[in-house]
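Before any comments, here is the structure.
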Amino acid sequence: MEHKEECTGLNTCSGRRVAVVLAGCGVYDGSEIHESSAVMVHLSREGAEVYAPDVDQMHVVDHVKGQPTQEKRNVLVESARIARGNIKDLAKLDVKGLDALIIPGGFGVAKNLSTWATQGKNCIISKEVEDVLKAFHAAKKPIGLCCISPVLAAKIFPGCELTVGHDTECEKWPYAKTAETMKELGCKHVNKHVTETHVDVKNKLVTTSAFMCNAPIHEIYDGIGKMVKEVVRLA
């Protein structure tokens, strides 16, 4: 399949157009900024198009105190901070013009793109997000997910293979119970180090743990880099 090169917006001259879906701005109530930035840096030689749903956040968290506030913020507006304003409403995403999808982590995935934060395996995925994931999957186009975002695939694609790091909780892996919950949804969880990825060849899913691990940022960056590389390769 030929890909037309173009140089617009966040796109550089490249043959791959990758949709990046954000969930706000900030680890506790939106997209994790370091993960989102790592995705964008590793995609800078490809063509990145950033999207976010035009909905209110579940809540706003004071990142100094770690406590919710009375503020109200919009997911699209907040995500635009990371995208430097170059962002589109998720409702306008057209899978036909795109080659792959990547969703960074952060609690916004579990709060704004789904209800995983409050309902776990019984959560509901936002209809817009579910429709986008199913559209890429049906088109056999690769999907990259990191940190907590693999739970979206776990809920939508039973039987898929994923990693959120390790399945035994410890100081290094404080969120390991997530892996057990994904197994309860009928998925195969594969233990991987933070700098590694897992590729579900059948479903074209590429996952890496990112900040599910207590690891230095350079290791998070390296793991996300491998995820992006695999997603582009599969595209």
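The values are calculated or read from the model by the stated rules, or taken from the named source; none is laboratory data. Computed from a prediction, not measured in an experiment: that's the story for all the values here. These accessible areas exclude ligands, DNA and RNA; they are computed on the full protein's heavy atoms, side chains included. Shrake-Rupley method; radii C 1.70, N 1.55, O 1.52, S 1.80 Å.
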So what is the accessible area of region 7-159 per residue, in Å², with the probe set to 1.4 Å?
-> 43
Provide, as a two-decimal number, the C-alpha radius of gyration of the chain over 2.2 N^0.38 Å, N being how many residues it has.
-> 0.92
Before anything else, pin down the relative contact order of region 93-176: Cα pairs under 8 Å, at least 6 apart, normalised by residue count, whole percent.
-> 30
What residue among Ala153, Ala110, Ala91 has the largest mean-square fluctuation in a Gaussian network model of the chain, using Cα springs under 10 Å?
-> Ala91
Contour minus Cα-Cα span, Asp56 to Lys121, at 0.36 nm per residue, comes to 21.1 nm
For Lys65, counting only aspartates and glutamates whose alpha-carbon sits under 19 Å away and dropping same-chain residues fewer than eight positions off, the answer is Asp29, Glu32
In terms of modelled amide H atoms, which long-range or inter-chain residues lie less than 5 Å from the amide H of Lys88?
-> Val50, Tyr51, Ala52
Among the listed pairs Lys96/Lys177; Lys121/Lys172; Lys92/Lys177; Lys88/Lys177; Lys134/Lys172; Lys127/Lys226, give every one whose C-alpha distance is greater than 27 Å.
-> Lys96/Lys177; Lys92/Lys177; Lys88/Lys177; Lys134/Lys172; Lys127/Lys226
Rg ratio (alpha-carbon, reference 2.2 N^0.38 Å) - region 102-214 = 0.95
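Using a 1.4 Å probe over the heavy atoms of the protein chains, calculate the carbon and sulfur portion of the accessible area of region 113-169 as a whole percent. Walk me through the numbers before you get to the answer.
Numbers: 1150 of 2200 Å².
Roughly 52 percent, rounded to a whole number.
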